[in-house]
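The values are calculated or read from the model by the stated rules, or taken from the named source; none is laboratory data. In this text the structure is predicted, and so the values were computed from the model without any measurement. Neighbour counts are summed over all protein chains in view; Cβ atoms, including those assigned to glycine, are modelled from backbone coordinates with ideal geometry. Surface accessibility is based on the protein's heavy atoms, side chains included, excluding ligands, DNA and RNA. Shrake-Rupley method; radii C 1.70, N 1.55, O 1.52, S 1.80 Å.
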Amino acid sequence: RTGASEDVTLTLSVESENDDSVNDSLLLFATVPEVSVQATVTTNVASIAAEGSASLTLFLANLGEAEDTLLVTGPSGFVCDHPSQTTLAAGSAAESHTVTCTASSTLLAGMHTIAFTATSLSDSSVNSTDSIDIEIEPHRNTEGGPMLVVSMTGDDWSIPWNSSATFTVTISNDGNEPV
């Protein structure tokens, strides 16, 4: 089947060169293979430290009727060592991939979604997405408090009677949570 983008019918005819009454024909139907993919992600990790890593398992399956190559895209906000693509035979068992995802330093504390999408390269409109939620823990100082830095600057540290001075208090949040 070359060039046909839909189902096609092929007529195969045979005829005797010696006797025209000896002939037969057969209809063959060629259908476009069904394309179907599945992505599944699992983990037993519920939370990770700020800029920490989570280990998870990504299962990729070709549920279609022909060999297919799957393009795999991963989450934003995390750096994951997942495969970028894989080729799977039709109906083969799902491939499992151990994936480590590290939270970027820009993620705030709280719940975040790690999602993977597998897209068929045979038909890019066919894809499957699965995700898990992981909590990013707040980054804390040695006393267990938020990562706040307070500084004070001024133009005069001795103030005579009945005068004024200007001071600037600066508070910076070096952590990953709103405070």
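Looking at Glu51, is it in a loop (DSSP other than H, G, I, E, B), under 30 Å from Pro146 (Cβ atoms) and among the acidic types (Asp, Glu)? Answer is yes for this residue. The set of residues from region 28-38 being modelled with pLDDT of 90 or more and assigned to a strand (DSSP E or B) comprises Val37, Gln38.
Where strands (runs of 3 or more DSSP E) sit wholly within region 127-179, those with at least 2 residues that are among the small types (Gly, Ala, Ser) occupy 127-136, 148-154. Any residue at all in region 103-110 that is modelled with pLDDT of 95 or more and open to solvent by 30 Å² or more (accessible area, probe 1.4 Å)? Looking for residues that are modelled with pLDDT of 95 or more and open to solvent by 30 Å² or more (accessible area, probe 1.4 Å), one finds none in region 103-110, hence no. Just to be sure, is Ser164 at pLDDT below 95, surrounded by fewer than 12 Cβ atoms within 10 Å (Cβ to Cβ) and either among the polar types (S, T, N, Q) or in contact with a Pro (Cβ under 7 Å, 6 or more places away or on another chain) (or both)? For Ser164, the condition - at pLDDT below 95, surrounded by fewer than 12 Cβ atoms within 10 Å (Cβ to Cβ) and either among the polar types (S, T, N, Q) or in contact with a Pro (Cβ under 7 Å, 6 or more places away or on another chain) (or both) - is met.
If only residues of region 131-153 that are under 17 Å from the mean Cα position of the chain (by Cα) and crowded, with 17+ Cβ neighbours inside 10 Å are counted, the one that is farthest from Thr86 (Cα to Cα) is Ile134. For region 39-82, a residue qualifies if it is among the small types (Gly, Ala, Ser), at pLDDT below 95 and within 15 Å of the chain's Cα centre (by Cα), and the qualifying residues are Gly74, Ser76, Gly77.
Against the definition (in contact (Cβ under 8 Å) with a residue 12 or more places away in the chain and within 13 Å of Thr119 (Cα to Cα)), how does Thr42 come out, yes or no? When the stated conditions are applied, Thr42 does not pass them. Taking the stated definitions as given, is Glu177 touching a Ser or Thr at 6+ places or on another chain (Cβ under 8 Å), surrounded by 10 or more Cβ atoms within 10 Å (Cβ to Cβ) and on the phi < 0 side of the Ramachandran plot? When the stated conditions are applied, Glu177 does not pass them. May I ask you to verify whether Ser47 is out of contact with any Ser or Thr (no Cβ under 8 Å at 6 or more places or on another chain), open to solvent by 40 Å² or more (accessible area, probe 1.4 Å), without any contact (Cβ under 8 Å) to a residue 12 or more places away in the chain and under 22 Å from Phe116 (Cα atoms)? Against the criterion (out of contact with any Ser or Thr (no Cβ under 8 Å at 6 or more places or on another chain), open to solvent by 40 Å² or more (accessible area, probe 1.4 Å), without any contact (Cβ under 8 Å) to a residue 12 or more places away in the chain and under 22 Å from Phe116 (Cα atoms)), Ser47 does not qualify. Return yes or no: is Ser122 outside any strand (DSSP E or B) and farther than 20 Å from Gly175 by Cβ? Yes.
Evaluate region 161-176: report whether one residue or more is within 33 Å of the chain's Cα centre (by Cα) and aliphatic (A, V, I, L, M). Looking for residues that are within 33 Å of the chain's Cα centre (by Cα) and aliphatic (A, V, I, L, M), one finds none in region 161-176, hence no.
When we screen Asp123, Asp81 for residues that are open to solvent by 40 Å² or more (accessible area, probe 1.4 Å) and more than 30 Å from Glu6 (Cβ to Cβ), the only hit is Asp81. Residue count for region 63-77, restricted to those that are without any contact (Cβ under 8 Å) to a residue 40 or more places away in the chain and either among the aliphatic types (A, V, I, L, M) or open to solvent by less than 10 Å² (accessible area, probe 1.4 Å) (or both): 1.
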